[in-house]
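Colleague: To start, I am sharing the structure in question, which I have written as structure tokens.
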Amino acid sequence: MRRIAFFEDAATDQLRPLTLLRPTFELLCGHFSARERWIRFGDVHEWSAWLRPELQASYAEQQPEARINDGRWLAAGTTTFINGRWLPPAGPLPALPPDSAAYVNGTLVGVTIDPRHAEGLSGAGLVPELTRIASGRRRVDGGGALVGYPWDLVRENATMLRDDFARRKQNCGRVMNDPHVVVQGDAANVYVDPQAQIDPFVVIDARHGPVWIEAGAKILPFTRIEGPAMIGRDAQVFRAHVREGTTIGPACRVGGEIEESILHGFVNKYHDGFLGHSYVCPWVNLGAQTSNSDLKNDYSNVRAPVDSASVDTGSTKVGCFIGDHTKAAIGCLLNTGTIVGVMSMLLPDGGLLPKHVPSFAWHRHGRIESSDDVLARGIDAARIAMSRRNCALTAAGEELLRHAYAATCGEREGAFRRAAR
């Protein structure tokens, strides 16, 4: 049994808006977040989280068992630090013995420390001190992949879906066996929890990868699910075409066509429309016929806006990345490589929307705008949306949204200046 501490590094900002309201190790890829994967399969008996101060109160509510930024806990025993951006290789999770430090593409992803190092590990000095300690260790290749931008999660999702299925299958003991459901391929590559509901006239295609369906999920008639894929707890899939490489997180409502995308959880995409090569954060609503492009007409690499710069994604298939609580009205058309911030409002204008809509902003009548009451109106809408799923916006959650609003002021001002040119 071991103690694990999860940490963030300087690349966290490159993952905005996905990381505005959560640490990197809570981003979903495959079946799990990094934290969930290590706790479930890493022989962990205690764990802690080292994260940004603004996240502490909200995260403590979500994960009451976590020891957050706690130096005293760290001093109580030998601890393995895990970089929240690391997607480990297939098979058993790496052991990371005390004499070594694991790297991926030159970035520290894992190191084990003993209690005598605890005093210097805190706040802004955490990552530099971990790096210093690791420099004196035997350098090993951590394997797997390192997430640097939002599209990396989507690119690696199919691989992680296969890996996580293999890890879980060893303990699941049950595969799909329902005469009313058509399974293409090896039925041993399909697992359906006994508490899931699969209606007749559903097709599960496991010829290209495994499919896992969690407890409480409801798959309605005329749905097709292609593996690798995962349907999360209490998700509902309505006459949808779920194509390979897709993760549908807990309590999502999904219809239409979804390809190689991650719906983090509590996403409402009930109606028809295409979503491809995208990551959608919780409490996002995509209106009827809202669709995104994930391939350019000339098949060239997609570029995406990051910190007011245009970044080459290195891929020809890149969709959209949408922050928490954003709403898209009926018929919105999102361009390749679009990034939409937290608590934004998208209204259609008959063409493709801008590739960047900042947090707490509206796109309407062909332009990006905001107002003094955009935060208050967004918080009111969030309370209503969350109550519809028997959830509540807590005081800590509201305070985190207020912090995000202040932290993204420069993002909005920059967008307004570019729009005015």
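Any read-out appearing in this document is the output of simple, stated calculations on the displayed coordinates, not a laboratory observation. In this text the structure is predicted, and so the values were computed from the model without any measurement. Counting neighbours? That spans all protein chains shown, and the Cβs are built from the backbone with ideal geometry, glycine included.
Colleague: Taking neighbour counts of Cβ atoms within 10 Å as a proxy for exposure, in what order, fewest first, do M386, M160, M345 appear?
Modeller: Lowest count first: M386, M345, M160.
Colleague: Over the Cα atoms of the chain, what is the Rg over Rh ratio if Rh follows Kirkwood?
Modeller: In the chain, Rg relative to Rh is 0.96.
Colleague: Here's something else I'd like to know. Can you compute the modelled spin-label distance between D9 and A392, with each label point 7 Å from Cα toward Cβ, in nm?
Modeller: The two pseudo-label positions are separated by 4.0 nm.
Colleague: At R0 = 56 Å, how high is the FRET efficiency between D114 and A406 if r is their beta carbon distance? Nearest 0.05 is fine.
Modeller: Given R0 = 56 Å and the Cβ-Cβ separation, E is 0.90.
Colleague: Quick one: S370, S310, fewest Cβ neighbours within 10 Å first, how do they rank?
Modeller: S310, S370
Colleague: Mark the label point 7 Å from the Cα of Q184 along Cα→Cβ and return the residues of the range 209-234 whose backbone N is within less than 12 Å of it.
Modeller: Taking a point 7 Å out along Cα→Cβ of Q184, the residues of the range 209-234 whose backbone N falls under 12 Å are 209, 224-227.
Colleague: Taking 0.36 nm per residue of sequence separation and subtracting the Cα-Cα distance, how much length would be gained by fully extending the chain between R364 and R72, in nm to one decimal?
Modeller: Answer, rounded to one decimal: 100.0 nm.
Colleague: Normalised by the number of residues in the range 2-146, what is the relative contact order in percent for Cα pairs under 8 Å and 6+ residues apart?
Modeller: 25 percent.
Colleague: Percent antiparallel among DSSP beta bridges with both residues in the chain, to the nearest 5?
Modeller: Counting only bridges with both partners in the chain, antiparallel ones make up about 20 percent.
Colleague: Name the longest site-free stretch of the chain, where the excluded sites are chymotrypsin sites (Phe, Trp or Tyr not before Pro) in a DSSP loop with no more than 16 other beta-carbon atoms within 10 Å.
Modeller: By the stated rule (loop sites, at most 16 other Cβ atoms within 10 Å), 1-200.
Colleague: Considering every pair of different Cα atoms, what Kirkwood radius, in Å, is found for the range 89-142?
Modeller: For the range 89-142, inverting the mean 1/r across all distinct Cα pairs yields 11.7 Å.
Colleague: Take T313, T290 and order them by how many other Cβ atoms sit within 10 Å, fewest up front.
Modeller: Going from least to most buried by this count: T313, T290.
Colleague: For N105 and R138, calculate 0.36 nm times their separation in residues minus their Cα-Cα distance, and state this gained length in nm to one decimal.
Modeller: Difference between extended and current length: 10.3 nm.
Colleague: Now, a different point. Please compute the length gained on full extension between S308 and A57, using 0.36 nm multiplied by the number of residues separating them and subtracting their Cα-Cα distance.
Modeller: Full extension from S308 to A57 adds 87.4 nm.
Colleague: Determine the shape class of the range 2-146: with a ≥ b ≥ c the square roots of the Cα gyration tensor eigenvalues, call it rounded for a/c under 1.5, and otherwise prolate if a/b is greater than b/c, oblate otherwise.
Modeller: Verdict is rounded for the range 2-146.
Colleague: Take D298, project a point 7 Å from its Cα along the Cβ direction, then tell me which residues of the range 331-371 have their backbone nitrogen under 17 Å from it.
Modeller: Inside the label zone: 336-337.
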